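The values are calculated or read from the model by the stated rules, or taken from the named source; none is laboratory data. Bear in mind that the values here come from a model prediction, so they are computed numbers and not experimental data. FYI the Cβ positions are ideal-geometry reconstructions off the backbone, even for glycines, and counts take in every protein chain you see.
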Amino acid sequence: MNRSVLLGLFVTASMMASTSFAAEKTQCDVNLQTIENGKAQVPQEMADQVEASVKQAKADQAKGTKEGIDDCIAETNDIIKTITDAHKGGK
């Protein structure tokens, strides 16, 4: 009985550890998802600007380098701030 409990705990711990390594998201991924989730709330006059920024961020991310990821994060942070400021009335 003790062996089966220990085996069960080991198997469970192994499965949990493997899933956490499989899907590691960067801040770039999180920011892109935030923008995607909020697209319905983007003012119409900003839609083209947001789309262009998302394309640029995805191109930076596709480079697969630390510099590319950093550029993606900077681009997405800027557009999130711009959208937020537009909702606050530009303040």
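A few remarks follow.
- Taken over the range 65-91, the criterion of being part of a loop (DSSP other than H, G, I, E, B) and modelled with pLDDT under 90 is satisfied by LYS88, GLY89, GLY90, LYS91.
- Count of residues meeting criterion [touching a residue at least 24 places away in the same chain (Cβ under 8 Å) and either over 16 Å from ALA40 (Cα atoms) or surrounded by 14 or more Cβ atoms within 10 Å (Cβ to Cβ) (or both)] in the range 69-91: 11
- Restricting the range 35-55 to residues that are within 14 Å of the chain's Cα centre (by Cα) and surrounded by 14 or more Cβ atoms within 10 Å (Cβ to Cβ) leaves a set whose member that is modelled with the lowest pLDDT is GLY38.
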